[in-house]
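Here is the structure we will look at.
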Amino acid sequence: MTYLSRLIVALSVVMAFGLIAPQVQAQVNPTQSSVNEDAMFQALGGDSAVVSGRVTIPDRGAGTLISPDNKAWAALQGRTLHTLSIWAVIGMVALLTVFYLIRGKIRVDSGLSGRTILRFNWIERFAHWTLASTFIILALTGLNLIIGKSVILPIFGEAAFGTLSAYGKIAHNYLAWPFMASLVMIVLLWIIHNIPDKVDLVWIKQAGGLLKKGVHPPARKFNAGQKFIFWAVVIGGAGLSYTGIMMLFPAEAGAQADWQFYQIVHALIAAALSAIVIAHIYIGSVGMEGAFDAMGSGEVDENWAKEHHSLWVEEVKATQKRNTTQVTTPAE
Amino acid sequence: MARMKFLCDADRCIECQACVTACKNEHEVPWGINRRRVVTINDGLPGERSVSMACMHCTDAPCAEVCPVACFYTTDDGVVLHNKDTCIGCGYCSYACPFGAPQYPQTANFGTRGKMDKCTYCSGGPEPDMSQAEYVKYGANRLAEGKLPLCAEMCSTKALLAGDGDIIADIYRERVVTRGYGSGAWGWRTAYGDTVTV
């Protein structure tokens with residue numbers, strides 16, 4: 001084949017493709033190959049995907065177009081947590097009522113001695129009552145946000161309930177800070193008395209003598225039950241504080257899903273801790289004779305102390321004796 | 001009664017932002033609040049699409065589910081509205097909404113949220129229709145005047161459709177059949193449980 005004939009063949013091949021090629025391209029409509037909602041969701045990972053794009057406004061977060069997972073959180077918050085919170089409170093109150101009907105008020109078996117012994121000094125009582133009063137308001141206003149619409153709204157009507165909840169929100173946001181401050185105080189004051197030890201095992205084995213009259217397992221300043229309350233409040237309170245701060249400052253929390261996670265954890269801890277604290281309030285007031293004085297005047301009856309905190313009484317007596325000996329012994 | 005819905009035909013939207021501007025102007029929406037916005041997906045890539053998005057007025061609205069003070073209500077037209085007198089500005093609805101509709105004015109220090117504001121489907125709030133009190137809180141009530149939302153009414157390419165869900169779905173379906181393609185009724189599956197199938 002000559003050079004010329006090769007060139008002709010080559011040119012004709014190029015021309016043939018050159019004529020066909022534009023026709024093939026012309027059949028593709030560029031606007032057809034656009035993003036498609038269903039395909040996009042599948043590509044991004046199904047229903048839990050988040051479709052987002054670009055916006056021309058400064059709020060970059062507005063670029064999130066569709067996040068179907070928010071509905072899952074809505075169902076959890078609106079229904080599951082609502083039911084759970086109601087049952088946490090009702091369940092504990094019912095349990096305590098049954099306990100009261102069976103066991104009655106726990107009396108001081110050996111009767112009141114009339115002599116008192118200092119159990120909590122003023123700073124311990126101040127920390128306790130700051131924590132207690134803020135917790136109660138926080139618990140009630142928090143509970144109102146979850147179950148108020150089905151419990152309080154029907155009684156007060158929408159307008160009054162809205163006003164009440166608005167003040168409740170403000171109270172919740174601001175009282176969180178003294179709550180956290182007193183939580184730190186409680187830790188500093190009492191952590192040394194709340195380290196679990198062998199004495200607690202005996203106490204737990206005998207169920208603290210709560211179920212049977214006349215049973216009084218030994219205990220130091222705090223028995224195993226009180227240690228449980230302490231750690232529940234400290235750990236639960238710390239969890240509430242952390243998640244609460246994240247909810248107060250959503251920009252710190254991160255994405256929406258992170259905030260939703262913090263909200264669920266916050267509500268779950270709150271429900272559990274509220275139930276525990278209801279039991280704590282019960283045993284510290286109507287449930288046990290002589291118990292309230294510990295946090296009321298700070299002075300408890302000696303017989304009460306001997307029954308519930310035998311080792312602690314011995315420690316206090318020993319310290320007192322040592323102190324008096326030191327004072328009465330004249331200097332040589 | 002009609003079941004009012006929005007449908008944005010992304011194959012027609014030219015991202016002109018006129019719907020956003022119309023909404024802000026019609027309702028005197030405060031600075032920083034966007035009841036409607038246009039989001040561009042795959043921006044700068046071949047086949048990018050823009051979607052105009054506002055409150056979709058969901059069936060079983062998740063915002064209403066989480067609202068601690070139950071300030072949401074659904075009208076006979078299927079429009080999801082809320083009562084600003086009851087709203088406590090907790091922000092829960094913004095975390096429940098799949099479309100980022102709820103907006104909040106900053107009212108006090110530390111970015112404290114004010115009462116929530118969102119698209120009303122141009123149908124005001126619980127106050128008497130077309131009253132001054134209603135206009136101040138929620139903006140114009142075009143539905144009460146027998147008109148559709150302004151964003152859709154003045155859309156230059158008729159990309160944004162508003163009206164009875166069945167009717168606008170039919171319009172969209174016809175368009176898809178005629179031109180041979182469609183990127184879908186964005187948000188419908190999430191808001192109403194079912195998308196527009198052709």
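Laboratory data are not the source of any read-out in this text; all were calculated from the coordinates shown. Being a predicted model, the structure only gives us computed values, none of them experimental. Note that each Cβ is placed from the backbone with ideal geometry, even for glycine, and that neighbours are counted across all protein chains shown.
Per the Kirkwood definition applied to all pairs of different Cα atoms, how many angstroms is the hydrodynamic radius of chain A? Kindly include the intermediate steps, with their values, before the conclusion.
Values: mean 1/r = 0.0389 Å⁻¹.
25.7 Å is the Kirkwood radius here.
How far apart, in nm, are two points set 7 Å out from the Cα along the Cα-to-Cβ line at B:Leu148 and at B:Asp60?
Taking the simple label geometry, B:Leu148 and B:Asp60 are separated by 2.8 nm.
Quantify how strongly other chains surround peptide A:93-100 by giving the mean number of their Cβ atoms within 10 Å of each of its Cβ atoms. Intermediate results must be reported in sequence, preceding the final value.
Values: counts 0, 0, 0, 0, 0, 0, 0, 0.
Average per residue, whole number: 0.
Near the amide H of A:Ser52, under 5 Å away, which other amide H atoms are found, from residues 5 or more places off or on another chain, if H is placed in the peptide plane?
Residues meeting the amide H criterion: A:Leu65.
Over the whole of A:156-166, what's the average partner chain Cβ count within 10 Å per residue? Rounded to a whole number, please.
Working: counts 0, 0, 7, 3, 1, 6, 10, 4, 2, 8, 7.
What the average comes to for A:156-166 is 4.
Quick one: the Cα spread of region A:122-313 along its three principal axes, in angstroms, biggest first?
53, 38, 31
Over chain A, what is the relative contact order in whole percent, taking alpha-carbon pairs under 8 Å and six or more residues apart?
Numbers: 283 pairs, mean separation 79.2, N = 332.
That works out to 24 percent.
Hey, rough spin-label estimate for A:His193 and B:Asp85, points 7 angstrom out along Cα→Cβ, what's it come to in nanometres?
In this crude label model, A:His193 to B:Asp85 measures out at 5.2 nm.
As an exercise, take the mean of 1/r over every pair of distinct alpha carbons in region A:35-171, invert it, and state the Kirkwood radius in angstroms. Kindly include the intermediate steps, with their values, before the conclusion.
Numbers: mean 1/r = 0.0479 Å⁻¹.
Answer for region A:35-171: a Kirkwood hydrodynamic radius of 20.9 Å.
Which three extents, in angstrom, do the Cα atoms of region B:105-156 have along their principal axes, listed largest first?
41, 30, 12
Roughly what angle does helix A:3-26 make with the longest principal axis of chain A, taking Cα atoms, 0 to 90 degrees, to the nearest 10?
Helix A:3-26 sits roughly 50 degrees off the main axis of chain A.
Near the amide H of A:Glu299, under 5 Å away, which other amide H atoms are found, from residues 5 or more places off or on another chain, if H is placed in the peptide plane?
Amide H neighbours of A:Glu299, under 5 Å, 5+ apart: A:Arg119.
Compute the acute angle (0 to 90°) between the alpha-carbon long axis of helix A:81-103 and the principal axis of greatest extent of the alpha-carbon atoms of chain A; round to the nearest 10°.
20
Just to confirm the number: angle between the C-alpha axis of helix B:165-179 and the first principal axis of chain B, 0 to 90 degrees, nearest 10?
That helix lies at roughly 30 degrees to the long axis.
Over the whole of A:58-68, what's the average partner chain Cβ count within 10 Å per residue? Rounded to a whole number, please. Don't skip to the answer; put the middle values down first.
Working: counts 1, 6, 0, 2, 7, 6, 5, 12, 13, 6, 7.
Neighbouring Cβ atoms belonging to other protein chains average 6 per residue here.
Express in nm, to one decimal, how much length is gained between A:Leu112 and A:Lys212 on full extension, taking 0.36 nm for each residue of separation and deducting their alpha carbon distance. The partial results should precede the final answer.
Values: separation 100, 0.36 × 100 = 36.00 nm, distance 1.93 nm.
Value of the extension gain: 34.1 nm.
Do any of B:Lys24/B:Lys115; A:Lys227/A:Lys321; B:Lys24/B:Lys147; A:Lys213/A:Lys321; A:Lys169/B:Lys115; A:Lys213/A:Lys306 go past 22 Å between their Cα atoms, and which? Write down the numbers at each step before the final one.
Values: B:Lys24/B:Lys115 17 Å; A:Lys227/A:Lys321 28 Å; B:Lys24/B:Lys147 17 Å; A:Lys213/A:Lys321 32 Å; A:Lys169/B:Lys115 13 Å; A:Lys213/A:Lys306 15 Å.
Table pairs above 22 Å Cα-Cα are A:Lys227/A:Lys321; A:Lys213/A:Lys321.
If region B:52-126 were replaced by its equivalent ellipsoid, with semi-axes equal to the square roots of 5 times the Cα gyration tensor eigenvalues, what would those be, largest first, whole Å? Spell out each step's value before the answer.
Working: eigenvalues 77, 33, 28 Å².
Over the Cα atoms of region B:52-126, the semi-axes work out to 20, 13, 12 Å.
Roughly how compact is region A:236-276, stated as its Cα Rg over 2.2 N^0.38 Å to two decimals?
Rg over 2.2 N^0.38 Å, computed on Cα atoms: 1.12.
Can you pull out the trypsin sites (Lys or Arg not before Pro) in region B:67-154 whose DSSP state is coil and whose Cβ has at most 15 other Cβ atoms within 10 Å?
On the way: sites: B:Lys84, B:Arg113, B:Lys115, B:Lys118, B:Lys137, B:Arg142, B:Lys147; in loops: B:Lys84, B:Lys115, B:Lys118, B:Arg142, B:Lys147.
Passing sites in region B:67-154 are B:Lys147.
P(r) for region B:55-98, please, calculated from all Cα pair distances in 5 Å bins and given in %.
So the P(r) values, bin by bin, are 5, 25, 35, 24, 9, 1.
If you average the C-alpha positions of region B:80-98 and of region A:81-134 separately, how far apart do those two centres end up, in angstrom?
38
Using a Debye calculation, one point per C-alpha and no hydration shell, please list log10 I(q)/I(0) for region A:80-119 at q = 0.26 Å⁻¹ in order.
Summing over Cα pairs of region A:80-119 leads to -0.86.
In region A:212-292, which trypsin sites (Lys or Arg not before Pro) are in a loop and have at most 12 other Cβ atoms within 10 Å, using DSSP for the loop call?
Working: sites: A:Lys212, A:Lys213, A:Arg220, A:Lys221, A:Lys227; in loops: A:Lys212, A:Lys213, A:Arg220, A:Lys221.
Those that pass, being in a loop and sparsely packed, are A:Lys212, A:Lys213.
Can you compute the equivalent ellipsoid semi-axes for region B:4-191, i.e. the square root of 5 times each eigenvalue of the Cα gyration tensor, sorted largest first and rounded to whole Å?
Details: eigenvalues 154, 66, 51 Å².
Its equivalent ellipsoid spans semi-axes of 28, 18, 16 Å.
Take every Cα pair under 8 Å in region B:4-191 that's 6+ residues apart, average their separations, divide by the length, and report that relative contact order as a whole percent.
Working: 336 pairs, mean separation 55.1, N = 188.
The value is 29 percent.
Counting other Cβ atoms within 10 Å, keep those with at most 11, restrict to DSSP loop, and tell me which GluC sites (Glu not before Pro) in region B:27-98 are left.
On the way: sites: B:Glu28, B:Glu48, B:Glu65; in loops: B:Glu28, B:Glu48.
Loop-located and lightly packed - B:Glu28.
Using the crude model of +1 on Lys and Arg Cβ and -1 on Asp and Glu Cβ, and no other charge, please compute the dipole size for region B:4-191 relative to its Cα centre, in debye to 20. Display every interim value, and only then the final one.
Working: 19 positive and 22 negative charges, 96 e Å.
That gives region B:4-191 a dipole magnitude of about 460 debye.
Give me the dipole magnitude in Debye, nearest 20, for the protein assembly as shown about the Cα centre, with unit charges on the beta carbon: positive for Lys and Arg, negative for Asp and Glu. Each step should come with its number before you reach the end.
Working: 44 positive and 44 negative charges, 230 e Å.
It works out to roughly 1100 debye.
Which of the aspartates and glutamates could be linked to B:Lys118 by a straight reach, that is with a Cα gap under 13 Å, when you skip same-chain ones fewer than 8 residues away?
B:Glu28
Once you keep just the Cα pairs under 8 angstrom separated by 6 or more residues, what percentage relative contact order results for region B:1-115?
Working: 167 pairs, mean separation 28.3, N = 115.
RCO, region B:1-115: 25 percent.
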